[in-house]
Amino acid sequence: MHVKDVAKAYVLSAEKLLEALDANETGVSKFDLAGKEDSSVAKVASLVQQHATAILGDEPPRRLLENPRTETLVERFDVDTSRTTAVLGWQPDYSVEDAIRDGLSRNDSQEIRTSL
């Protein structure tokens, strides 16, 4: 999920909180956030490698490691954002690929190279 989508949701929820305070309402509201895509780790790794190569000029290595924690293995990880959309009018604008490309583009390329 792109940080810009998270920031937009944060601003919208803060605005909703201020409206509630003006109406002398108190309480807690929870808003679930998720992107529109359900990308696998392999897909994200491939996108990182692709965009790192294009942006940095070098193809970073990629290794597949087995997850030793079986309790974290799930087929699907669905998040229902319908309440967030209904109450805040929020929907994600950016894809996983946008987040990867923007993250790599905004950082110093030498710093990224040394961390790979």
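Side notes on the structure shown:
- Here the Karplus relation 6.51 cos²θ - 1.76 cosθ + 1.60, evaluated at θ = phi - 60°, turns the backbone of region 48-57 into coupling constants of 4, 4, 4, 6, 5, 4, 5, 7, 9, x Hz, with x for every Gly and Pro.
- Accessible carbon and sulfur surface of region 32-104 relative to its total accessible area, %, 1.4 Å: 51
- Per residue, the chain exposes 77 Å² of solvent-accessible protein surface, assessed with a 1.4 angstrom probe and all protein chains in place.
- Comparing mean-square fluctuations of VAL48, VAL11, VAL28 from a GNM of the chain with C-alpha springs under 10 Å, the top value falls on VAL28.
- Averaging Cα coordinates gives a centre for region 83-104 and one for region 1-79; these two points are 8 Å apart.
- GNM flexibility winner over the chain from SER29, SER82, SER95 (Cα, springs under 10 Å): SER29
- In straight-distance terms, cross-link reach from LYS30 covers every one of the lysines whose alpha-carbon lies under 22 Å from its own, apart from those fewer than eight places away in the same chain; here that gives LYS4, LYS8, LYS16.
- The trypsin sites (Lys or Arg not before Pro) of region 15-78 that meet both conditions, a loop assignment by DSSP and at most 15 other Cβ atoms within 10 Å of the site Cβ, are LYS30, LYS36, ARG62, ARG63, ARG69, ARG76.
The values are calculated or read from the model by the stated rules, or taken from the named source; none is laboratory data. Because the structure is a prediction, the values reported are computed rather than measured. Methodologically, a virtual Cβ is constructed for each residue, glycine included, from the backbone with ideal geometry; neighbour enumeration extends over all protein chains shown. For accessibility, only protein heavy atoms count, side chains too; no ligands or nucleic acids. Shrake-Rupley method; radii C 1.70, N 1.55, O 1.52, S 1.80 Å.
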